[in-house]
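Notes follow once the structure below has been shown.
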Amino acid sequence: MEAFVEQWLLLLGEFARSDGILQGAFMLLPAFLLLELPLNLLVLIGVLRWFVRKPFELPQQSTYRPRVSCIITCYSEGRDVQTTLRSLCEQTYPGYIEMIPVVDGAAVNQPTMQAVRDFRVDPQLYPRRLLRPIAKWQRGGRVSSLNAGLAHCTGEVVMALDGDTSFDNDMVSQMVRHFADPDVPAVAGSLRVRNARASLTTAMQALEYQLSIHMAKIGLSEWNLVNNVSGAFGAFRRSFLDKIGGWDTHTAEDLDITLRIKNYFGRRPLRIPFEPGAIGHTDAPVTFLQFLKQRLRWDGDLYFLYIRKHRHSFNPRLLGWPNFLMTLITGFFFQLVLPFIIAGYCLAGPLVLPWPRFLALAGLIYLVYLGMTLLLYVAMLALVSERPRMDLRLFPVVFVFPLFMLVMRMWSAVAMLNEALRRGHEETSMAPWWVLRRAKRF
């Protein structure tokens, strides 16, 4: 071991003495330090601010109990949709909850349709819980289901939920309290990976959800910079949904509607809070191939939305300066440009550099990312996690996580090329091809 460390240090010394490699280092440093490090620090400072402020918040004794409509999009969940409905029935929220499971393609999706039909709400056991299922016989996709539910719901607050996602029993109470502020058009909820122990792939995603989604949104919410209201778990003010015309067609409807809401941020002091106490539980892809297929769609959708559909949104008069700058950095650079920079370095590095120097550089970059991951992980356990024992099981995954993120970044470049060259969003399973082909092309 000592011989290995000594050899590695010698390689680093040789690396530092080489002018060409040193220039390469200066080219690399801005990519992960001058931009990624400040963003992580912004998140950490936001989390610290939230953590310090939280104990001094007085319990709210509010009589604000609006009717809540939960639109549950169902397609191939089968009996799992009953778990979702039961978790909504068991909410501690004292107001009315209207559950609207929308079964897409009910004519051919008989198992899910039958599961919804078989579910019964006991009015004695679950008062103020209403079940209003909708059978959409022809398949139209997720957006079609959401708008069908919106047309029939009666709640002041509308939640968009996945049919295979269950929730902690205080979720509705935690989400709804934010809507007492008339300047809140939407609230983002938190998601956990329910099957984290199924495989190494699900464990990686569980850590990603905790660091890149849960913790990051806590930090960004402190500065009113929440980047996305998850499609599997988000809440909206009904009047604002009516104002913007509900959900729009195509794909990635969650980021799409978030950007459309943010187009009003430059006109009035709106905010989208993130509620870390509202927890949903969902299943992540178990195999690595399933994961890659999912991210091919997700990352390709980012290119479609930012470059094709919402390029007009890169305007401070619409977004306001804080969200304009954050969207420019996180939406454009990190998600659209940086993957190609990283893929280029990984592909060209072994051809340009001698292998010992390339490996030494790769080891140095790995240690930098590992250090950032460990810092975020420790902060998550100490300041954020409501289930620290569960999250502590993910500690061994931390050491592989930088490599996982590297693969994700390189695969993101593949996904964006697929969208740019082949319009990959039109091949999504979230909606039939005839729906996407008849939609407006961007």
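The values are calculated or read from the model by the stated rules, or taken from the named source; none is laboratory data. In this text, all values refer to a predicted model and were calculated from it rather than measured experimentally. Every residue, glycine as well, gets a Cβ built from its backbone with ideal geometry; the counts of neighbours run over all protein chains shown.
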Filter the stretch 35-77 down to residues that are part of a helix (DSSP H, G or I) and either of a type outside the set (Gly, Ala, Ser) or on the phi > 0 side of the Ramachandran plot (or both), then give me how many there are. 20
When you go through (1) at pLDDT 95 or above; (2) touching a Cys at 6+ places or on another chain (Cβ under 8 Å) one by one for residue 163, which number turns out not to apply? (1)
Say we look at the stretch 141-192 and pick out the residues that are of a type in the set (Ser, Thr, Tyr) and in a helix (DSSP H, G or I); which of these is surrounded by the fewest Cβ atoms within 10 Å (Cβ to Cβ)? 173
How about the stretch 79-95: which of its residues are in a loop (DSSP other than H, G, I, E, B) and either among the polar types (S, T, N, Q) or surrounded by fewer than 17 Cβ atoms within 10 Å (Cβ to Cβ) (or both)? 79, 90, 91, 92, 94
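Taking the stretch 242-251 as the search range and keeping residues that are crowded, with 23+ Cβ neighbours inside 10 Å and not β-branched (Val, Ile, Thr), which one is modelled with the highest pLDDT?
247
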Scan the stretch 283-295 residue by residue and report those that are within 20 Å of residue 162 (Cα to Cα) and surrounded by fewer than 20 Cβ atoms within 10 Å (Cβ to Cβ). 283, 285, 286, 290, 293, 294, 295
Would you mention how many residues in the stretch 349-395 are surrounded by fewer than 14 Cβ atoms within 10 Å (Cβ to Cβ), over 22 Å from residue 196 (Cα atoms) and at pLDDT 85 or above? 2
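Take the residues in the stretch 129-177 that are charged (D, E, K, R) and under 25 Å from the mean Cα position of the chain (by Cα), then tell me which one is farthest from residue 72 (Cα to Cα). Can you show your working first?
To start, the set of residues in the stretch 129-177 that are charged (D, E, K, R) comprises 129, 132, 136, 139, 142, 156, 162, 164, 168, 170, 177.
So of that shortlist, the ones also under 25 Å from the mean Cα position of the chain (by Cα) come out as 142, 156, 162, 164, 168, 170, 177.
On the way: 142: 10, 156: 16, 162: 5, 164: 9, 168: 16, 170: 18, 177: 21 Å.
Taking the candidates together, the pick is 177.
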Tell me whether the stretch 31-46 contains one or more residues that are at pLDDT 80 or above and either among the small types (Gly, Ala, Ser) or assigned by TED's automatic domain parsing to the domain that holds residue 179 (or both). yes
Given the residues 252, 235, which is the only one that is under 30 Å from residue 403 (Cα atoms) and assigned by TED's automatic domain parsing to the domain that holds residue 182? 252
Any chance the stretch 304-319 includes a residue that's over 18 Å from residue 256 (Cβ atoms), touching a residue at least 12 places away in the same chain (Cβ under 8 Å) and not basic (Lys, Arg)? yes
